[in-house]
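The values are calculated or read from the model by the stated rules, or taken from the named source; none is laboratory data. Bear in mind the structure is a predicted one, so any value in this text is a computation, not a measurement. Cβ coordinates were reconstructed from backbone atoms using ideal geometry, including for glycine residues, and neighbour counts include every protein chain displayed.
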Ligand code: NAP
């Protein structure tokens, strides 16, 4: 079984991006800029943002974090986004989710220019991805996709099962696999027989949020299994895949932690650079 090392893959990607930033700086005398807006003091969000800032600096991006208290008015956030939209030194804008209840998430997402939407959540980017046009792609599914391609460069004709249909993970993942000519089944909480669906898959991507949902006898040998889940349990952080069982049968599997997670941040940096390059056109 191939244990897919997300940390290593992310480090390799960051190294590549660092070189790309260096080349862009040499050619255009400017570097891509990422601005993150962080509202409130939720610990996981603080940790994510700190890691994003650290990684952005590591590859040479110009990075900035704008912090607001929980009580900030929606209008103030929207005004700041508008200011950043018009700022040429800002290539990408990310508003860290979740947001306080009084702030309308969709309004915030739609306020960011699609050309600066490094999360790929703007409806224009969602539509472009599903139509097969150039777009920002949500970072976690993009990371999963790159890991799958490392194991199997030619996905054409493969049967893929995506477990979970969130806008963040399942749906964009489906689009990426479809673009690679996979035959994709997207499953969710109302799916009748999840085991039967998974049993036919050459590729399984699990993005559910249920600890160890995907069992060893759901997976045929030669299947690539990507575990997006991050679940806090009594035995620590586990994924949506029963690692001990599935690792005995699968061709390749991502661990949790150390699989998809590290790729998510590296893909955010990649998206920022892509936004910068598109702005040059
Ligand atoms: P989400 O928005 O809660 O969506 C979960 C999806 O799973 C829904 O589509 C739901 O179906 C489906 N589902 C629930 N129970 C199911 C079942 N028994 N069988 C099949 N499908 C079922 O979750 P998310 O934001 O996509 O996140 C999923 C997991 O990924 C979480 O553990 C989260 O922490 C993790 N995550 C990891 C990263 C990373 O960087 N590694 C990033 C983001 C999220 P319905 O639509 O029918 O409700």
Handout entry: Test: residue 46 is touching a strand residue (DSSP E or B) at 6+ places or on another chain (Cβ under 8 Å), surrounded by fewer than 17 Cβ atoms within 10 Å (Cβ to Cβ) and in a helix (DSSP H, G or I)
Key = yes
Practice task
Within the range 125-140, count every residue that is out of contact with any strand residue (DSSP E or B) (no Cβ under 8 Å at 6 or more places or on another chain) and either within 14 Å of the ligand (Cβ to nearest atom) or over 18 Å from residue 186 (Cβ atoms) (or both).
Solution key: 8
Exercise for the section: Hey, could you check the range 244-274 for residues that are away from the ligand (no atom under 16 Å from the Cβ) and within 23 Å of residue 121 (Cα to Cα) and say which is surrounded by the fewest Cβ atoms within 10 Å (Cβ to Cβ)? Expected result: 274
Problem - Candidate set: the range 1-22, residues that are outside any helix (DSSP H, G or I) and within 17 Å of residue 145 (Cβ to Cβ); chosen: the one farthest from the chain's Cα centre (by Cα) - result: 2
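Considering only residues that are in a strand (DSSP E or B) and away from the ligand (no atom under 14 Å from the Cβ), look in the range 168-193 and name the one that is surrounded by the fewest Cβ atoms within 10 Å (Cβ to Cβ).
The extreme case among them is 183.
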Exercise for the section: Give me a count of the residues in the range 261-281 that are at pLDDT 95 or above and part of a loop (DSSP other than H, G, I, E, B). Expected result: 0
Exercise for the section: Tell me, please, whether a residue that is part of a helix (DSSP H, G or I) and over 20 Å from residue 115 (Cα atoms) can be found in the range 79-90. Expected result: no
Fill in the blank from the handout: All conditions in (1) part of a helix (DSSP H, G or I); (2) closer than 28 Å to residue 223 by Cβ; (3) in contact with a strand residue (DSSP E or B) (Cβ under 8 Å, 6 or more places away or on another chain) are true of residue 257 except (1)
Exercise for the section: Scan (1) assigned to a loop (DSSP other than H, G, I, E, B); (2) buried (at least 22 other Cβ atoms within 10 Å of the Cβ) for the single condition residue 101 breaks and write down its number. Expected result: (2)
Fill in the blank from the handout: Filtering the range 194-243 down to residues that are within 11 Å of the ligand (Cβ to nearest atom), surrounded by fewer than 21 Cβ atoms within 10 Å (Cβ to Cβ) and part of a loop (DSSP other than H, G, I, E, B) yields 209, 210, 211, 213, 230
Practice task
Check whether at least one residue in the range 147-161 is touching a residue at least 24 places away in the same chain (Cβ under 8 Å), in a loop (DSSP other than H, G, I, E, B) and within 11 Å of the ligand (Cβ to nearest atom), and report yes or no.
Solution key: no
Problem - Test result for residue 227, touching a strand residue (DSSP E or B) at 6+ places or on another chain (Cβ under 6 Å) and assigned by TED's automatic domain parsing to the domain that holds residue 172 - result: yes
Exercise for the section: Mind telling me which of the residues 258, 216 ends up being at pLDDT 95 or above and at positive phi? Expected result: 258
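Being within 11 Å of the ligand (Cβ to nearest atom), over 12 Å from the mean Cα position of the chain (by Cα) and not assigned by TED's automatic domain parsing to the domain that holds residue 106 is the requirement here; does residue 144 meet it?
On the way: within 11 Å of the ligand (Cβ to nearest atom): yes; over 12 Å from the mean Cα position of the chain (by Cα): no; not assigned by TED's automatic domain parsing to the domain that holds residue 106: yes.
No, not satisfied.
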